[in-house]
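Taking it in order: structure first as structure tokens, then the write-up.
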Amino acid sequence: MEAPHLDDSLHGHVIVAGYGRKAAARVLHRAEIPLLVVEISHSVFGGLASDGFSGIWGDITGEEILKAAQIGKARILLLTVPYQNSVRLSVERARRLNPTISVIARALRTDDVLELRKLGVDAVIQPEFEGGVAKVRQALVQYTGDGAAASRLISDLRAEFYDVGT
């Protein structure tokens with residue numbers, strides 16, 4: 001697949017890999033942060049333009065796609081894809097092309113958190129853990145009525161979970 005050519009003025013942008021979870025792109029757009037979406041699913045990619053986003057159709061693990069997304073000038077790589085092999089390859093290749101890029105990645109399983117941290121991922125998010133955290137935070141707030149105390153407990157829990165082994 002030949003990589004598309006994008007406007008060379010793109011700089012300091014966020015590359016969002018995976019548009020199936022549209023919330024990330026929507027929030028970044030509302031914050032007026034420049035972004036570019038990379039999506040492998042043709043049916044999902046088809047909705048990008050109608051949603052007002054620029055993007056590239058292709059596999060984020062490919063160096064030619066990373067280059068087309070202007071990884072060398074990007075500030076952040078946000079990997080929302082659910083496949084750990086794709087995340088791992090993307091991180092390795094992105095770091096080779098832009099050693100200073102900040103990488104935020106999804107960990108499919110709890111065991112993947114440590115592996116991604118060892119790869120140098122700056123922020124790892126594990127959706128099942130985060131879903132549980134959101135539920136327990138709601139329970140704490142409803143039970144105690146103290147949102148600040150709940151936030152401190154949740155912050156400690158996240159630190160324990162994500163900082164293991166680093």
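The values are calculated or read from the model by the stated rules, or taken from the named source; none is laboratory data. None of these values were measured; they are calculated from a predicted model. Here the Cβ is made from the backbone with ideal geometry for all residues, glycine too, and neighbour counts use every protein chain on show. Please note that ligands, DNA and RNA were not included when accessible areas were found on the heavy atoms of the full protein model with its side chains. Shrake-Rupley method; radii C 1.70, N 1.55, O 1.52, S 1.80 Å.
Listing for the model above:
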read-out: Separation of the residue 119 and residue 100 label points, Cα + 7 Å toward Cβ, nm; value: 2.3
read-out: Mean separation of Cα contacts under 8 Å (6+ apart) over length of the chain, as relative contact order %; value: 17
read-out: Exposure rule at most 15 other beta-carbon atoms within 10 Å, DSSP loop GluC sites (Glu not before Pro): the chain longest free segment; value: 33-166
read-out: Relative intensity, log₁₀ I(q)/I(0), of segment 66-166 from a Debye sum that treats every alpha carbon as a point, q = 0.13, 0.16 Å⁻¹; value: -0.54, -0.73
read-out: Charge-dipole axis of the chain as Lys and Arg at +1 and Asp and Glu at -1 on Cβ define it, positive-most pick from 157, 48, 100; value: 157
read-out: Net lengthening on full extension, residue 92/residue 163 (0.36 nm per residue, minus Cα-Cα); value: 23.5 nm
read-out: Total charge dipole magnitude, the chain, about the Cα centre, Cβ charges on Lys, Arg, Asp, Glu only, Debye to nearest 20; value: 240
read-out: Sulfur and carbon atoms: percent of accessible area, the chain [1.4 Å]; value: 55
read-out: Theoretical ellipticity at 222 nm over the chain - DSSP helices of four or more residues, -39500 (n - 2.57) apiece, nearest 500; value: -13500 deg cm²/dmol
read-out: Percent of Cα pairs exceeding the 27 Å cut-off, where the set is segment 1-146; value: 24
read-out: Stretchable slack from residue 110 to residue 23, in nm (0.36 nm times residue separation minus alpha-carbon distance); value: 29.1 nm
